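A short write-up of the structure that comes next.
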Amino acid sequence: MFNQLIIGSVIIVLTVIIQVVFFNMAIAKLTNLKDWLSQSASFIKTSIATIAVVLWLLAGITISIWTWALLFVLTGSIGTLEEAVYFATVTFTTLGYGDITLDINWRILSSLAAVNGLIIFGLTTAFLIQFVDKVKDLHLKTD
C-alpha cells in the first residue's frame, strides 16, 4: 500500500509540474502576443487565442494521462497500452466506467489518478477563467 501512495504521489507532483510548465509557456506566448491581441481586439483574434490556449492545455492534460498509462503498464497492473490509456483517461476524468480495473495489488493508484485529474482540471479551469477575464479586459479597453 505504501509503495502505491509514494509512486502515486510522485506521479501527481510530476503531472502538476507538467501542467504548470504548460501554463508558463502559454503565459510567455500570450505576453508576446499581447500587443497584437490588444490592437483592435476582435472576435477572430480572441477566438484564435482562446482555441490555441485550450488545445495547448489539453496537450498538457494528455501528457499527464499518458504518464499514468505508462505507469500502469510498467507496474503490470494493466495488460496492454491501449487498455492503460483508456483506463487512465476514464479515471483521470473521474468518469470511471469500471469496465477495466487495476490488479488488486495496484488498485489504490486508480484513486490517486482520479484525485490527480481533479487537481489538474481544477488548475486548468482556474487558468482558463483568468485567461478569459484578461481577454474580456482587452475587449473593454478597445470598445
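The values are calculated or read from the model by the stated rules, or taken from the named source; none is laboratory data. Owing to the predicted nature of the structure, the values given are computational and were not obtained by experimental measurement. Protein only, heavy atoms only, side chains kept; ligands, DNA and RNA dropped before computing areas. Shrake-Rupley method; radii C 1.70, N 1.55, O 1.52, S 1.80 Å.
Quick rundown of the values:
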| read-out | value |
| --- | --- |
| Which label in (i) 119; (ii) 101; (iii) 160 gives the computed volume of the Cα convex hull per residue in Å³ | (ii) |
| With every protein chain in place, the chain: carbon and sulfur % of accessible area (1.4 Å) | 71 percent |
| Contact order relative to length of the chain, as percent, for alpha carbon pairs under 8 angstrom and 6 or more apart | 33 percent |
| Cα gyration tensor, region 25-94 - rounded (a/c under 1.5), prolate or oblate | prolate |
| Kyte-Doolittle mean at least 1.0, axial Cα span of 30 Å or more - DSSP H helices of the chain | 2-38, 43-75, 108-142 |
| Mean accessible surface per residue for region 1-90, computed with a 1.4 Å probe while every protein chain stays in place, in Å² | 56 Å² |
| Fluctuation leader among I104, I18, I65 - the chain, Gaussian network, Cα springs under 10 angstrom | I104 |
| Mean ellipticity per residue at 222 nm, deg cm²/dmol - from DSSP H runs of n ≥ 4 across the chain, formula -39500 (n - 2.57) | -29500 deg cm²/dmol |
